[in-house]
1. Hey, does segment 322-336 have a residue that's touching a strand residue (DSSP E or B) at 6+ places or on another chain (Cβ under 8 Å), surrounded by fewer than 21 Cβ atoms within 10 Å (Cβ to Cβ) and in a loop (DSSP other than H, G, I, E, B)?
2. State the number of residues belonging to segment 6-54 that are farther than 28 Å from residue 115 by Cα and either crowded, with 20+ Cβ neighbours inside 10 Å or outside the structural domain of residue 106 (by TED's automatic domain parsing) (or both).
3. Take the conditions outside any strand (DSSP E or B) and under 24 Å from the mean Cα position of the chain (by Cα) and apply them to residue 115. Does it pass?
4. With the condition kept exactly as written, say whether any residue in segment 247-258 is surrounded by fewer than 24 Cβ atoms within 10 Å (Cβ to Cβ), over 18 Å from the mean Cα position of the chain (by Cα) and either part of a strand (DSSP E or B) or not assigned by TED's automatic domain parsing to the domain that holds residue 288 (or both).
5. Does residue 310 satisfy being part of a loop (DSSP other than H, G, I, E, B) and within 19 Å of the chain's Cα centre (by Cα)?
6. Go through 310, 287 for me and flag whichever is without any contact (Cβ under 8 Å) to a residue 60 or more places away in the chain and crowded, with 22+ Cβ neighbours inside 10 Å.
7. Among the residues of segment 89-110, write down those that are touching a strand residue (DSSP E or B) at 6+ places or on another chain (Cβ under 8 Å) and free of Cβ contacts under 8 Å to residues at least 40 places away in the same chain.
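The values are calculated or read from the model by the stated rules, or taken from the named source; none is laboratory data. Since the structure is predicted, the reported quantities are computational estimates derived from the model, not experimental observations. Heads up, the Cβs are rebuilt from the backbone with ideal geometry, glycines too, and the neighbour counts pull from every protein chain shown.
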């Protein structure tokens, strides 16, 4: 049975994880504001390794729009190797760390190095408590309902993303975003119910030799994460690009055995649909469009999935994330693989100190 795997259960059961992540962060809104006022940051860094880093990429785009200060996501290894490329000597940064395990060596090193220069200016978002990483960070938020046991991060990644978006909503004072995020958990079951049959049919409809994910702006980090999920679960060559960027060299790989998944944005209305339509019409790709709602003009593509919510580009990736996870899951099932594991990797990476 395709649903016998842990990853399937963890993808399908995210309601409580989302709710707990939101509640754990909002319950300490006053503490967050006090921390921020005292830190008075002139720049913000999200950091993590692979999946958490990609969630930080998307959260960073929205937070910079809201706060008006430089916000960027940088993988832990970059901060270790090239700190002065991202942090000037007179900087007043805050670092927001996302980590499922709280044990990955690169994350520990990055925070240790940051603390040596900027003590007391770190925030941790993680489903796991009492980890080596939590002992190094200053303001910690945990949401154990978001933990998962399969190797690919699904429910845990979504809950970290909810927490990051909620943090941004508190710091920016956006009650609209807070209201949306509070209601998001209640939307999840119907979202999955609508989307799953279409995703399963799309993946099973033809042999897939290559997958492309397209997404722009705050959705680009989500397509980076989607790419990783397909690679980890199915080992199918997978790529991601912003919609219009894909129209250059990348489309040389497209053919009838390519699954192209587009994550549509409000800002891309009128621009993104024609790209996926072109690939469907000219190259015969198997195209799947994730759009905010019914009636959205996705172009003449193979299949369309309305998320049923129009949350704005800053938050829309949260609705698309579990759909991308299901796409990866069914790609693995189509190939007869176990999506709970992945070759050549482990749930966290340890490196010996040089």
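1. Within segment 322-336, the subset touching a strand residue (DSSP E or B) at 6+ places or on another chain (Cβ under 8 Å) is 323-324, 327, 331.
Pick out the ones that are also surrounded by fewer than 21 Cβ atoms within 10 Å (Cβ to Cβ) and you get none.
For segment 322-336, residues touching a strand residue (DSSP E or B) at 6+ places or on another chain (Cβ under 8 Å), surrounded by fewer than 21 Cβ atoms within 10 Å (Cβ to Cβ) and in a loop (DSSP other than H, G, I, E, B): absent.
2. The qualifying residues number 10.
3. no
4. Checked segment 247-258: at least one residue is surrounded by fewer than 24 Cβ atoms within 10 Å (Cβ to Cβ), over 18 Å from the mean Cα position of the chain (by Cα) and either part of a strand (DSSP E or B) or not assigned by TED's automatic domain parsing to the domain that holds residue 288 (or both).
5. Details: part of a loop (DSSP other than H, G, I, E, B): yes; within 19 Å of the chain's Cα centre (by Cα): yes.
Judged against the criteria, residue 310 is a match.
6. Numbers: 310 fails: crowded, with 22+ Cβ neighbours inside 10 Å.
Matching residue, one of 310, 287: 287.
7. The answer is 102, and nothing else.
Every residue, every condition in (1) in contact with a strand residue (DSSP E or B) (Cβ under 7 Å, 6 or more places away or on another chain); (2) buried (at least 24 other Cβ atoms within 10 Å of the Cβ); (3) closer than 23 Å to residue 227 by Cα, yes or no:
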position	(1), (2), (3)
113	no, no, no
117	no, no, no
131	no, no, no
136	no, no, no
140	yes, no, no
147	no, no, yes
154	no, yes, yes
